[in-house]
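Each remark here refers to the structure printed beneath this line.
A short reminder: the numbers here are calculations on the coordinates, not readings from a lab. Everything numeric here is computed off the predicted structure, so don't read it as measured data. Here Cβ is always computed from backbone atoms with ideal geometry, including for glycine, and neighbour counts include all displayed protein chains.
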C-alpha cells in the first residue's frame, strides 16, 4: 500500500474528524497514555512562564494532556488538518491555549519561538521528511528545551508486530471502514509497520543532535507498540535538570 502523505493525508483526517474522538475513545488507555507522555516532559512549576508547542494536535487530545500536565504553561497547538482543528476549537479552552492551521514543516516559518518544550503525538510516522522536521525543531527549541514524542513505534519484536497487525485487521480497519475512513486506518496500520522501530527512532533523534535521548514504553496492551521518546536540545538550559 502507498502511504497517504501531505495534502492527501490532511484531507483524510478532515473526513475522519467527525468520528475521530469516538473511535479513539474505544482504545483503552488512549488518553491516559497521552497524559503519561506529557507528564514525562517534567515541566517545572506546572509550566509557569513556559511556552509549549503541541505539534500535530489533532482534535486536541494531546493539547488536553499537556494542559493537565502543565496547567500554567502557554500552549500553541498546530495541525495540518483543518477538520481536526475545527473539532479542537469547538471544545472549551483557557486563553493561554491557541490553535493554528500549520503543517509541521510550516511551523518554523512563523517566526515564533523559541519554545521551552515540544510535544508531538502520532506525528513523525506521518511526515514525509522526519529528519527535516527534527532539524526544524532544534531551531524552534531553546537550548536545553525538552522534546517528548508519543508515537506508534514497534519494539522490533515479532510478537508486537503480530499483535499490531491483528488489532488493525480485526478492529481498527473494520471500525474505520464503517465511517468511510478505511483508507486512513489502513494507512495507520502500514505507517506503523514501515516506521522506525523504537531503537531506530531513538538513534534518529541522537543523530539529529538531541541529547539525553531515551524511549519509555506505555502501559497496557500497547506496550511494545507505542513509546514515549524523550530528549533535550543540547545541554540543559537555565531550568537545570536533564530529562529523566
**Request:** Report the label-to-label distance for residue 14 and residue 105 in nanometres (one decimal), using points 7 Å from each Cα along the Cα→Cβ vector.
**Result:** 1.8 nm
**Prompt:** So how tilted is helix 182-194 from the main axis of the chain? Cα-based, degrees 0 to 90, rounded to 10.
**Reply:** 60 degrees
**Request:** Could you line up 173, 178 from fewest to most neighbouring Cβ atoms inside 10 Å?
**Result:** 178, 173
**Request:** Quick one: among 60, 170, 29, which has the greatest mean-square fluctuation in a GNM of the chain with alpha-carbon springs under 10 angstrom?
**Result:** 170
**Prompt:** Mean projection of the alpha-carbon convex hull of segment 17-156 over all orientations, in nm²?
**Reply:** 8.6 nm²
**the chain: Cα Rg divided by the 2.2 N^0.38 Å rule of thumb** = 0.95
**Message:** Just want to confirm a number: the relative contact order over segment 76-233, from Cα pairs under 8 angstrom separated by 6+ residues, in percent.
**Reply:** 24 percent
**Request:** Two decimals is fine: what's Rg over Rh for segment 45-111, C-alpha atoms, Kirkwood radius as Rh?
**Result:** 0.96
**Asked** What list do you get for 81, 177 if you sort them by fewest beta carbons within 10 Å?
**Response** 177, 81
**Prompt:** What's the angle, to the nearest 10 degrees (0 to 90), between helix 30-39's Cα axis and the longest principal axis of the chain?
**Reply:** 20 degrees
